[in-house]
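The values are calculated or read from the model by the stated rules, or taken from the named source; none is laboratory data. This structure is a prediction, so every number in the text was calculated from the model and none was measured. All Cβ positions, even for glycine, are placed from backbone atoms using ideal geometry, and neighbour counts span all protein chains on display. Surface areas here come from the heavy atoms of the whole protein model, side chains and all, with no ligands, DNA or RNA. Shrake-Rupley method; radii C 1.70, N 1.55, O 1.52, S 1.80 Å.
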There are 2 protein chains.
Amino acid sequence: MFDILFKYFEQKSGLTLLQDEKSLIEENFKSKRFRKKQYLLQEGDTCKYAGFIAAGAARMFSVDEKGHEHIVRFGIEGWWLGDPESYTQQTPSKFNIEMIEDSELLLITWDHFQELIAAIPAVAAATKDMDKQSFIASQKRIHSAISLTAEERYDELAKAYPAFIQRFPQNMIASYLGISPETLSRIRKNALSN
Amino acid sequence: MFDILFKYFEQKSGLTLLQDEKSLIEENFKSKRFRKKQYLLQEGDTCKYAGFIAAGAARMFSVDEKGHEHIVRFGIEGWWLGDPESYTQQTPSKFNIEMIEDSELLLITWDHFQELIAAIPAVAAATKDMDKQSFIASQKRIHSAISLTAEERYDELAKAYPAFIQRFPQNMIASYLGISPETLSRIRKNALSN
DNA sequence: AAATTGACTTGACATTTGTCAAGACTGTAC
DNA sequence: GTACAGTCTTGACAAATGTCAAGTCAATTT
């Protein structure tokens, strides 16, 4: 069950983990099962754990005054969950993280993560790479948001992450794109005739 | 002129730079003046240098098929310029970086930056922090883009970066927010009566 | 000083997107 | 098997935003 995590660190870092290092990782993460609709983080709470998704899927979202949900991020196997701001600074989060499917998460606190980074070069390198890639991906999404129409944003998502389209309900995809479910339904309808 | 850069590394890292380290930094960066409207990076070129803004201001933007510009990022004194994707992977960029004012930049190639990171703990720590903060800031902007109206996005920007509002022309602020200059003009007009 | 350019505003109108309400359909719970 | 909740679709209409064109103003150039 930790294998996917070891593989992640090794691939991202380009290094190989020693047996000792693997043991250290296992000691610092704790594995936990989540049922669909269960929360890893709720608005107002501090993000105590970052979670590596060994299996399953989740979403991070906010809820506005009108009760509308806005999905900031999806996560599937091999991705990380957590509100970076709340996690690194231990401040209350504005977001919720909820499982979309039954999931298996590997959890770690900020302090334990810092220990691993200090002790294991592969973890340090992988983390660094992760932050950089996250930033690059975010820039792309910002660029889409300010420069494309709803339909273009949908097409781009379908192309970049086709798995999302099949795996997540349409209303969540709409929320992720920042449009209403009705608009997305109409976009998809139009697409058929093109 | 390098003082602002030294201060940046020290503040971000919480460490103090030794004299040797300062010298090493000076050797690896090169200082260059840019006139207003001059480009640091043009679409299609590879982002050879990252630039630390010692003085001045700039914008990073794309141009779509209709000739419309979309500003992904602003930069002012103490901020960095560069397309992270193009810079770290040395691939052609989709963006342009242009000075909004006469500016003084401290430039460094990717390879030289890696050398500094390896040699100077304060630079390594500051860079790590920078990536994390950039990601957090990006997440906030994504959240605004998908959940707020044009007016709310403007208000948020005015609150978070009041300096931008005074310093940059309205049409650029509009482009940054992903709205037309006319819409921003009307938003500002309405705001007066509230 | 006259001409030119760029930034901003304003009005009229078009287009996109959101909202509300209703209905079809599916899978799940009881 | 029936009821129920969730998801998606569709239509009618409202609201937000974009587009085009014209005009003002200030700064810059000639």
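Worth a mention:
- Qualifying position, being within 16 Å of DNA strand C (Cβ to nearest atom) and not β-branched (Val, Ile, Thr), among A:SER147, A:SER134: A:SER147
- Residue in the stretch B:106-129 that is away from chain A (no Cβ under 14 Å) and either of a type in the set (Phe, Trp, Tyr) or closer than 25 Å to B:ARG167 by Cβ (or both) present: yes
- Some residue of the stretch A:165-173 being among the hydrophobic types (A, V, I, L, M, F, W, C), away from DNA strand C (no atom under 16 Å from the Cβ) and either touching a Ser or Thr at 6+ places or on another chain (Cβ under 9 Å) or more than 11 Å from every other protein chain (Cβ to nearest Cβ) (or both): yes
- Test: residue in the stretch A:106-116 that is closer than 23 Å to B:ALA145 by Cβ, touching a residue at least 24 places away in the same chain (Cβ under 8 Å) and of a type in the set (A, V, I, L, M): no
- Test set (1) away from DNA strand C (no atom under 16 Å from the Cβ); (2) part of a strand (DSSP E or B); (3) away from every other protein chain (no Cβ under 14 Å) - B:GLY78 fails condition number: (2)
- No other residue among B:LEU41, B:LEU81, B:LEU106, B:LEU24 is of a type in the set (A, V, I, L, M), over 17 Å from the mean Cα position of the chain (by Cα) and at pLDDT 95 or above apart from B:LEU24.
- When the stretch A:12-38 is filtered for residues that are without any contact (Cβ under 8 Å) to a residue 60 or more places away in the chain and out of contact with any Phe, Trp or Tyr (no Cβ under 8 Å at 6 or more places or on another chain), the ones remaining, listed by number, are A:LEU18, A:GLN19, A:ASP20, A:SER23, A:GLU27.
- Residues located in the stretch A:47-70, provided they are closer than 21 Å to A:MET130 by Cβ and part of a strand (DSSP E or B): A:TYR49, A:ALA50, A:GLY51, A:PHE52, A:ILE53, A:ALA54, A:ALA55, A:ALA57, A:ALA58, A:ARG59, A:MET60
Matching residues to (1) touching a Ser or Thr at 6+ places or on another chain (Cβ under 9 Å); (2) at pLDDT 95 or above; (3) away from every other protein chain (no Cβ under 14 Å); (4) exposed (fewer than 15 other Cβ atoms within 10 Å of the Cβ):
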{"site": "A:ARG33", "(1), (2), (3), (4)": "yes, no, yes, yes"}
{"site": "A:CYS47", "(1), (2), (3), (4)": "yes, yes, no, no"}
{"site": "A:PHE52", "(1), (2), (3), (4)": "no, yes, yes, no"}
{"site": "A:ALA57", "(1), (2), (3), (4)": "yes, yes, yes, no"}
{"site": "A:HIS70", "(1), (2), (3), (4)": "yes, yes, no, no"}
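- Taking the stretch B:84-194 as the region of interest, the helices (runs of 4 or more DSSP H) fully inside it that hold 1 or more residues being within 16 Å of DNA strand D (Cβ to nearest atom) and open to solvent by less than 30 Å² (accessible area, probe 1.4 Å) are B:121-147, B:150-160, B:170-177, B:181-192.
- Yes/no for B:PHE135 being more than 10 Å from chain A (Cβ to nearest Cβ) and out of contact with any Gly (no Cβ under 9 Å at 6 or more places or on another chain): no
- Residue in the stretch A:2-18 that is in a strand (DSSP E or B) and either open to solvent by 60 Å² or more (accessible area, probe 1.4 Å) or touching a Pro at 6+ places or on another chain (Cβ under 7 Å) (or both) present: no
- Unique match (being at pLDDT 95 or above, of a type in the set (A, V, I, L, M, F, W, C) and touching a Gly at 6+ places or on another chain (Cβ under 7 Å)) among A:ALA145, A:ALA158, A:ALA150, A:ALA174: A:ALA145
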